[in-house]
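Here is the structure we will look at.
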Amino acid sequence: MPRHLDVMAGCRSFLPMQTALSVQDIRAQFPALARRHNGHAVAYFDGPGGTQIPRAVAEAMTAYLYHHNANTHWAYPTSRETDAALLAARTTLGDFLNAPADSIVFGPNMTSLTFHVARALGRDWLPGDEVIVTDLDHHANIDPWRDLAAEQDLVIRAVPFDPCTGQLDLTALERALSARTRLVAVGFASNALGTINDVAHVVDLAKAAKALTFVDAVHYAPHVLPDVEALGCDFFACSPYKFYGPHAGVLYGRRALLDRIKVARLVPAPQASPERIETGTLSHEAIVGSAAAVDFLASIGSGAVRRDQLAHAFAALHARAATQIRHLWHGLACLPHVTLHGPGPDNARTPTVAFTVDGYTSESVSAQLADQGLFLSHGDFYAWTVVQRLGIEGLVRAGCACYTTDEEVERLISAIKTLR
């Protein structure tokens with residue numbers, strides 16, 4: 001294989017780092033952090049909607065496109081190099097999720113993968129069968145099941161959350177289970193409020209009811225190292241662009257299910273899993289970049305193998321982000337014109353804070369903060385039901401990423417103080 005492939009992170013054996021990287025070392029790898037706006041250095045608090053990209057990820061994608069770009073399963077070198085790159089990426093994402101490579105499915109995004117799997121599962125379900133969703137979820141794990149229910153006369157049971165605490169009502173979820181329950185669709189973490197749900201308990205409840213579980217981990221995977229083997233779920237979806245990769249979707253599926261579900265597919269397409277779940281020609285460069293993002297995260301930590309490196313990196317990043325989010329939460333809680341939404345910093349949560357400011361729409365808050373070089377997202381973030389249950393127009397959302405500094409958090413608090 002040509003030497004060009006050596007520069008493709010995610011398509012080679014990973015070389016372990018001996019020490020954890022400092023925030024300064026991490027920031028040096030992100031060209032976007034050099035941006036200035038209105039004379040201010042830009043602080044990116046929009047990570048929950050998509051993080052910035054380290055140089056190694058972009059270089060891996062460029063190297064693939066420049067030197068290996070081809071379609072799959074043909075006999076000439078660049079096609080075989082593409083096959084090798086995709087297999088390496090499945091192995092890398094398998095390390096990330098603690099899953100076998102042949103259980104990793106790629107797609108354009110989590111939403112498309114969920115619609116695809118929902119349609120496939122629904123072919124075996126009967127009118128009156130039930131699917132449980134939650135009001136706390138991103139609609140990517142609600143509407144595919146609702147659409148399926150409308151087409152096939154299924155029953156949707158929605159589990160509420162407490163608007164005061166941002167916590168899912170697990171007692172209501174347990175009551176919603178029945179002999180007709182075919183699947184429980186649950187988010188591991190709320191992308192709007194930062195709540196981390198007790199999904200292990202949900203999986204156990206679903207198993208006892210002989211129901212499948214589909215876990216939306218898009219907002220969870222960037223902050224807590226996933227372990228699908230320990231969790232025991234049936235499906236687990238995440239999005240690499242939330243953890244320093246390109247726009248793509250990744251789905252873990254239990255191999256027996258991937259082999260069995262009746263996916264819509266072309267007759268000449270591959271028959272074997274996981275490729276039988278994938279449709280059309282995928283973005284090979286995005287898949288390569290997704291693997292490079294995992295290797296970037298591993299490079300922050302240390303250890304003998306990639307999974308150990310990832311565990312070390314996630315532990316270090318979690319500790320730093322938890323301190324930052326506690327400071328941000330308490331700093332905003334002292335402001336009488338700010339209302340915080342979701343669980344407090346002493347609860348299981350991601351480093352994501354959602355708030356509103358009296359007398360301002362969420363968009364106007366975001367726009368005024370942007371003038372000061374503070375980039376935050378606003379609105380409902382496709383967690384539309386959450387915003388409706390809170391009875392508000394929209395949320396302002398601040399998320400801490402691996403490149404967030406303590407000084408940036410202080411800048412944000414100071415800027416929000418001036419919004420009166």
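The values are calculated or read from the model by the stated rules, or taken from the named source; none is laboratory data. Remember, it's a predicted structure, so these values are computed and weren't measured experimentally. Using ideal geometry, Cβ is built from the backbone for each residue, glycine included, and neighbour counts are taken over all protein chains shown.
List of remarks:
- Restricting the range 225-256 to residues that are outside any strand (DSSP E or B) and of a type in the set (G, A, S), the residue that is surrounded by the most Cβ atoms within 10 Å (Cβ to Cβ): G245
- Qualifying helices (runs of 4 or more DSSP H) (wholly inside the range 72-177; at least 3 residues being of a type in the set (G, A, S)): 77-97, 110-122
- Enumeration of residues in the range 334-360 that are in contact with a Phe, Trp or Tyr (Cβ under 7 Å, 6 or more places away or on another chain) and among the hydrophobic types (A, V, I, L, M, F, W, C): V338, L340, V353
- Of all residues making up the range 249-280, the number that are closer than 20 Å to S239 by Cβ and of a type in the set (S, T, Y): 2
- In summary, helices (runs of 4 or more DSSP H) completely within the range 293-403 and bearing 2 or more residues that are surrounded by fewer than 16 Cβ atoms within 10 Å (Cβ to Cβ) and over 23 Å from the mean Cα position of the chain (by Cα) occur at 306-333, 362-370.
- Residue check for D124: surrounded by fewer than 17 Cβ atoms within 10 Å (Cβ to Cβ), farther than 21 Å from P246 by Cβ, acidic (D, E) and modelled with pLDDT of 95 or more: yes
- Residue tally, condition under 27 Å from the mean Cα position of the chain (by Cα) and either among the small types (G, A, S) or within 19 Å of V263 (Cβ to Cβ) (or both), over the range 118-142: 8
- The one condition from (1) modelled with pLDDT of 95 or more; (2) aliphatic (A, V, I, L, M); (3) surrounded by fewer than 13 Cβ atoms within 10 Å (Cβ to Cβ) that L15 does not meet is (1).
- Here V203 passes the criteria (1) within 21 Å of the chain's Cα centre (by Cα); (2) more than 22 Å from E229 (Cα to Cα); (3) surrounded by fewer than 24 Cβ atoms within 10 Å (Cβ to Cβ) except the one numbered (2).
- The range 35-87, subset aliphatic (A, V, I, L, M) and in contact with a Cys (Cβ under 8 Å, 6 or more places away or on another chain), residue farthest from L193 (Cα to Cα): A84
- Residue in the range 145-166 that is closer than 17 Å to V218 by Cα and either modelled with pLDDT of 95 or more or crowded, with 18+ Cβ neighbours inside 10 Å (or both) present: no
- Residue that is farthest from C233 (Cα to Cα), among those in the range 73-90 that are within 27 Å of the chain's Cα centre (by Cα) and touching a residue at least 40 places away in the same chain (Cβ under 8 Å): T82
- Residue, modelled with the lowest pLDDT, within the range 18-34, restricted to residues that are in a loop (DSSP other than H, G, I, E, B) and polar (S, T, N, Q): Q18
For (1) closer than 22 Å to A269 by Cβ; (2) surrounded by 15 or more Cβ atoms within 10 Å (Cβ to Cβ); (3) in contact with a strand residue (DSSP E or B) (Cβ under 8 Å, 6 or more places away or on another chain), each residue gets a yes or a no:
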{"residue": "R80", "(1), (2), (3)": "yes, yes, no"}
{"residue": "L87", "(1), (2), (3)": "yes, no, no"}
{"residue": "P100", "(1), (2), (3)": "yes, yes, no"}
{"residue": "I104", "(1), (2), (3)": "yes, yes, yes"}
{"residue": "N109", "(1), (2), (3)": "yes, yes, yes"}
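- Filter result for S283 (crowded, with 19+ Cβ neighbours inside 10 Å and polar (S, T, N, Q)): no
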